[in-house]
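**Student:** Just passing along the structure, written as structure tokens.
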Amino acid sequence: MKKVLVILFDNTEEIEALAPADILRRAGADVLTAAAGNSRRIVGRSGIPIEADSLLADVAAERFDAAVLPGGPGVFAALSDARLAGLLKRLDGEGALMCAICAAPAALGRAGIIGGRRCASHPSVAGELPSRDAAASTVRDGKLITSQGAGTAVEFALEIVSALFGGGRAAEVAGSICFKFPSGQC
């Protein structure tokens with residue numbers, strides 16, 4: 001079973017965190033939500049409280065097949081924690097799928113993870129990402145999956161499913177939730 005870490009933090013964009021967690025669970029992944037900080041309870045950017053499965057500190061030594069970093073106003077503060085940045089660098093070095101949406105690709109860029117890989121992001125952080133593809137809503141470049149923002153969260157999640165389980169499984173999940181891909185596939 002594929003093991004996926006979804007990182008939560010105060011002021012996270014709720015849709016960008018929970019859509020991937022939900023869709024990956026539907027696909028059969030073992031999804032662990034983990035809160036950065038000292039409490040499993042975080043409050044998202046829209047004031048919605050979320051209870052994580054665990055604290056990030058308690059699972060930081062575990063291995064994961066993928067890590068999902070949502071965006072939102074709190075992403076840069078969360079990634080300023082050297083432990084979180086170190087965990088993401090370790091997972092990237094181990095070949096885990098690195099997934100970031102909205103402003104989170106810029107946070108990964110600051111942590112030295114994006115490099116020259118092609119990516120998507122929210123337009124507000126475009127200046128920090130020279131390899132950003134402004135025309136793409138979601139981009140997969142090797143083991144890096146990035147996306148523009150809350151409006152692309154389902155597409156982003158299904159791309160992660162495709163990378164972990166194959167396009168057929170992603171199409172099954174997309175069909176089960178009545179999602180129509182922008183390109184018309186499925």
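The values are calculated or read from the model by the stated rules, or taken from the named source; none is laboratory data. What you see is a predicted model; the values in this text were computed from it and never measured. When we count neighbours, we look across all protein chains shown, and the Cβ atoms used for this are built from the backbone with ideal geometry, even at glycine. For accessibility, only protein heavy atoms count, side chains too; no ligands or nucleic acids. Shrake-Rupley method; radii C 1.70, N 1.55, O 1.52, S 1.80 Å.
**Student:** Name the pairs: first residue in the range 66-89 and under 20 Å from A157 (Cα atoms), second residue charged (D, E, K, R) and surrounded by 24 or more Cβ atoms within 10 Å (Cβ to Cβ), Cβ to Cβ under 6 Å, at least 6 apart or on different chains?
**Tutor:** P70/E13; P70/E16; G71/E13; G71/E16; G72/E13
**Student:** Something else about it: Just give me the residues in the range 119-137 being more than 18 Å from T12 (Cα to Cα), open to solvent by 20 Å² or more (accessible area, probe 1.4 Å) and of a type outside the set (D, E), in sequence order.
**Tutor:** Matches in the range 119-137: A126, G127, P130, S131, R132, A134, A135, S137.
**Student:** What residue, among those in the range 138-169 that are closer than 22 Å to A29 by Cβ and in contact with a Phe, Trp or Tyr (Cβ under 9 Å, 6 or more places away or on another chain), is surrounded by the fewest Cβ atoms within 10 Å (Cβ to Cβ)? Spell out the reasoning first.
**Tutor:** Just the residues of the range 138-169 that are closer than 22 Å to A29 by Cβ, to begin with: 138-147, 150, 152-169.
From what is left, the residues that are in contact with a Phe, Trp or Tyr (Cβ under 9 Å, 6 or more places away or on another chain) are 138, 145-147, 154-155, 158.
Numbers: T138: 24, I145: 27, T146: 34, S147: 32, V154: 21, E155: 19, L158: 26.
The residue in question is E155.
**Student:** Report yes if some residue within the range 97-107 is surrounded by fewer than 22 Cβ atoms within 10 Å (Cβ to Cβ) and either on the phi > 0 side of the Ramachandran plot or modelled with pLDDT under 95 (or both); otherwise report no.
**Tutor:** No, the conditions are met nowhere in the range 97-107.
**Student:** Here's another thing I want to ask about it. Consider A82 carefully, then state whether it is of a type outside the set (D, E, K, R) and open to solvent by less than 10 Å² (accessible area, probe 1.4 Å). Write out each step before concluding.
**Tutor:** Numbers: of a type outside the set (D, E, K, R): yes; open to solvent by less than 10 Å² (accessible area, probe 1.4 Å): no.
When the stated conditions are applied, A82 does not pass them.
**Student:** Can you tell me which residue in the range 34-58 is least open to solvent (accessible area, probe 1.4 Å), limited to those that are touching a residue at least 24 places away in the same chain (Cβ under 8 Å) and not aliphatic (A, V, I, L, M)? Explain how you work it out, then say what you get.
**Tutor:** Restricting attention to the range 34-58, the residues satisfying the condition of being touching a residue at least 24 places away in the same chain (Cβ under 8 Å) are 34-37, 42-46, 48, 50, 52, 56-58.
Now narrow it down to the ones that are not aliphatic (A, V, I, L, M): 37, 44-46, 58.
Details: G37: 43, G44: 3, R45: 117, S46: 71, D58: 111 Å².
Among those residues, the one meeting the criterion is G44.
**Student:** Here's something else I'd like to know. Can you spot a residue in the range 111-118 that is open to solvent by 60 Å² or more (accessible area, probe 1.4 Å), among the hydrophobic types (A, V, I, L, M, F, W, C) and at pLDDT below 95?
**Tutor:** No: the range 111-118 contains no residue that is open to solvent by 60 Å² or more (accessible area, probe 1.4 Å), among the hydrophobic types (A, V, I, L, M, F, W, C) and at pLDDT below 95.
**Student:** Still on this structure: Could you check, for the range 59-66, whether at least one of its residues is modelled with pLDDT of 95 or more, surrounded by 23 or more Cβ atoms within 10 Å (Cβ to Cβ) and either not in a loop (DSSP other than H, G, I, E, B) or not β-branched (V, I, T) (or both)?
**Tutor:** Yes, some residue in the range 59-66 is modelled with pLDDT of 95 or more, surrounded by 23 or more Cβ atoms within 10 Å (Cβ to Cβ) and either not in a loop (DSSP other than H, G, I, E, B) or not β-branched (V, I, T) (or both).
**Student:** Any residue that is farther than 23 Å from V31 by Cβ and among the hydrophobic types (A, V, I, L, M, F, W, C) - is there at least one of those in the range 95-118? Spell out how you get there, then give the answer.
**Tutor:** Step one: list which residues in the range 95-118 are farther than 23 Å from V31 by Cβ, which gives 106, 109-110, 112, 114-118.
Of the ones still in play, those that are also among the hydrophobic types (A, V, I, L, M, F, W, C) are 106, 114.
Checked against the condition, which is being farther than 23 Å from V31 by Cβ and among the hydrophobic types (A, V, I, L, M, F, W, C), the range 95-118 yields at least one hit.
**Student:** Consider P73 carefully, then state whether it is open to solvent by 70 Å² or more (accessible area, probe 1.4 Å), within 16 Å of the chain's Cα centre (by Cα) and of a type outside the set (A, V, I, L, M, F, W, C).
**Tutor:** Values: open to solvent by 70 Å² or more (accessible area, probe 1.4 Å): yes; within 16 Å of the chain's Cα centre (by Cα): yes; of a type outside the set (A, V, I, L, M, F, W, C): yes.
Here the answer is yes, as P73 does meet what is asked.
**Student:** If you don't mind, another one. Pick from G149, G142, G168: which is out of contact with any Gly (no Cβ under 6 Å at 6 or more places or on another chain) and free of Cβ contacts under 8 Å to residues at least 12 places away in the same chain? First the steps, then the outcome.
**Tutor:** Details: G149 fails: free of Cβ contacts under 8 Å to residues at least 12 places away in the same chain; G142 fails: free of Cβ contacts under 8 Å to residues at least 12 places away in the same chain.
Going through G149, G142, G168 in turn, just one is out of contact with any Gly (no Cβ under 6 Å at 6 or more places or on another chain) and free of Cβ contacts under 8 Å to residues at least 12 places away in the same chain: G168.
**Student:** Does the range 88-96 contain any residue that is of a type in the set (D, E) and within 16 Å of the chain's Cα centre (by Cα)? So that I can check it myself, show each step before the final result.
**Tutor:** First, pick out the residues of the range 88-96 that are of a type in the set (D, E): 92, 94.
Then drop every residue that is not within 16 Å of the chain's Cα centre (by Cα), which leaves 92.
So far as the range 88-96 goes, yes, one or more of its residues are of a type in the set (D, E) and within 16 Å of the chain's Cα centre (by Cα).
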